[in-house]
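The values are calculated or read from the model by the stated rules, or taken from the named source; none is laboratory data. Please read all numbers here as calculations on a predicted model, not as lab measurements. Neighbour counts run over all protein chains shown; Cβ positions are idealised from the backbone, glycine included. Accessible surface is based on the protein model in full, side chains and every heavy atom, while ligands, DNA and RNA are left aside. Shrake-Rupley method; radii C 1.70, N 1.55, O 1.52, S 1.80 Å.
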Amino acid sequence: MRDTLNFGDALIRKLCTFKDVSIKGELYSREFNQRFKTDGAVCSLKQDTEGKFDFKIDGVSHVSWFRRKKDELMQSLGIPAKRENKGIRL
């Protein structure tokens, strides 16, 4: 979290106690090499039924959150979001 999201030690410690943390400012996406503005996004660390940990932002996986923010940015610039092919055409 420190390297990928630029979180400080105090914030990481709080997340590791499974407390929700509200963030105002910017969150950095390494995938898109882009900072995305947020005004009170709620970040949390959750454990799933298999015992794996997932970092969530506003209740969704951080990967999904950043992809949604990227799509919103592209739309605001007038660039349509790419649609994924979810079926097979015969």
**Message:** Any residue at all in the stretch 10-24 that's open to solvent by 90 Å² or more (accessible area, probe 1.4 Å) and either hydrophobic (A, V, I, L, M, F, W, C) or touching a helix residue (DSSP H, G or I) at 6+ places or on another chain (Cβ under 6 Å) (or both)?
**Reply:** yes
**Prompt:** Inside the stretch 25-43, can you point out the residues that are β-branched (Val, Ile, Thr) and open to solvent by 30 Å² or more (accessible area, probe 1.4 Å)?
**Reply:** Val42
**Asked** Failed condition for Asp48, given (1) under 14 Å from the mean Cα position of the chain (by Cα); (2) on the phi < 0 side of the Ramachandran plot, with all others met?
**Response** (1)
